[in-house]
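*Asks:* Okay, handing you the structure first.
The values are calculated or read from the model by the stated rules, or taken from the named source; none is laboratory data. Worth saying up front: this structure is predicted, and the values here are computed from it rather than measured. Counting neighbours? That spans all protein chains shown, and the Cβs are built from the backbone with ideal geometry, glycine included.
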Amino acid sequence: MKTSASAPKLTKPTLTPDQAKALEFLRKFLRKGTTIYTVLRHVSSSGTSRFIDLYVVKQNEPIRLTWSASVMLEWTYSRQREALRVNGCGTDVGFQAVYTLGDIVLGNGNALSQRWL
């Protein structure tokens, strides 16, 4: 006879107030198929981190997503460089940021596309 133990319930992570604002802002502009444009702002001297900006274009106007993306991704925002810091080398950091953002905001990493400017 099998006994069933109650499985732990998985709960949604709670958002901080800043994350809730960032999510609301991002959901205004991000839909499946949206292209996010990335701009490389700086590469560290060791080459192990990059600083990038994220933009989306709506009605012929660029909208900067960098701060909101950093809050949602819980990645470092560099106030000195005014850009999102992405650690790692040998990887496309623009793709990494956009894929992860799509996964968090839309539930599908492949929902967004990315292009470098």
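*Asks:* I'm trying to understand the selection: among the residues of the stretch 32-54, which are in contact (Cβ under 8 Å) with a residue 12 or more places away in the chain and not in a strand (DSSP E or B)?
*Replies:* Scanning the stretch 32-54 gives LYS32, GLY33, THR34, GLY47, THR48.
*Asks:* Let me ask another. Taking the criterion of being of a type outside the set (Gly, Ala, Ser), in a helix (DSSP H, G or I) and either surrounded by fewer than 20 Cβ atoms within 10 Å (Cβ to Cβ) or at pLDDT below 95 (or both), would at least one residue in the stretch 87-95 satisfy it?
*Replies:* Within the stretch 87-95, one or more residues are of a type outside the set (Gly, Ala, Ser), in a helix (DSSP H, G or I) and either surrounded by fewer than 20 Cβ atoms within 10 Å (Cβ to Cβ) or at pLDDT below 95 (or both).
*Asks:* Can you pull out the residues in the stretch 55-81 that are closer than 20 Å to GLY102 by Cβ, out of contact with any strand residue (DSSP E or B) (no Cβ under 8 Å at 6 or more places or on another chain) and either at pLDDT below 95 or part of a loop (DSSP other than H, G, I, E, B) (or both)?
*Replies:* Result: GLU74, single match.
*Asks:* Next up: Please pick out the residue among GLU74, GLU82 that is surrounded by 12 or more Cβ atoms within 10 Å (Cβ to Cβ) and at positive phi.
*Replies:* GLU82
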